[in-house]
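To start, the structure under review is shown below, and the notes come after it.
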Amino acid sequence: MLLNRLILIFLLATVILWACDETPTPTPVVDAATVYAKYCVLCHGQDGRRGLNGAGDLTKSTLPLEVRIQQITFGKGLMTPYQGILTPEEIEAVAAYTISLNKQ
Ligand code: HEC
């Protein structure tokens, strides 16, 4: 049946077009506040002031972004290194977030 074939071809074309429609995968947006709440609040507290185990008071910290990224990546003293736990993007975002906690 010609009609059946036409319908089949139409369906195939639809499926092929649908499969080729490359919707770009959205780049995951890093939610720094969520990362901070999950990994950092324990020692630093929600507002950055807790200072558990001698953790620096983040509201008074004057460290530049690069140093924070280094310290979060490789750890320091009693602070856990986050290399392999957080992605570099997450580390950079949460480092910037700690700067936003600065109240000075
Ligand atoms: C196990 C407890 C602990 C956790 C969890 C922790 N920290 Fe720390 N953090 C510390 C300690 C202790 C220091 C002080 C290190 C030192 O100077 O010896 C510190 C220092 C810092 C500093 C530098 C402050 C300054 O001016 O000296 C930053 C920035 C920081 N932490 C960010 C983070 C971020 C972001 C996270 C989450 C990804 C995090 N920390 C998780 C314990 C922790």
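In the stretch 76-104, what residues are more than 9 Å from the ligand (Cβ to nearest atom), in a loop (DSSP other than H, G, I, E, B) and either among the aromatic types (Phe, Trp, Tyr) or under 14 Å from the mean Cα position of the chain (by Cα) (or both)?
Scanning the stretch 76-104 gives Gly84, Thr87.
Report the residue count in the stretch 26-75 for those that are near the ligand (Cβ under 6 Å from one of its atoms), surrounded by 13 or more Cβ atoms within 10 Å (Cβ to Cβ) and either charged (D, E, K, R) or on the phi > 0 side of the Ramachandran plot (or both).
Number satisfying all stated conditions: 1.
Bear in mind that the values in this text are calculations on the coordinates, not laboratory data. Keep in mind the model is a prediction, meaning the values are calculated, not measured. Quick reminder, even Gly has a Cβ in these numbers, built from the backbone with ideal geometry, and neighbours come from all protein chains shown.
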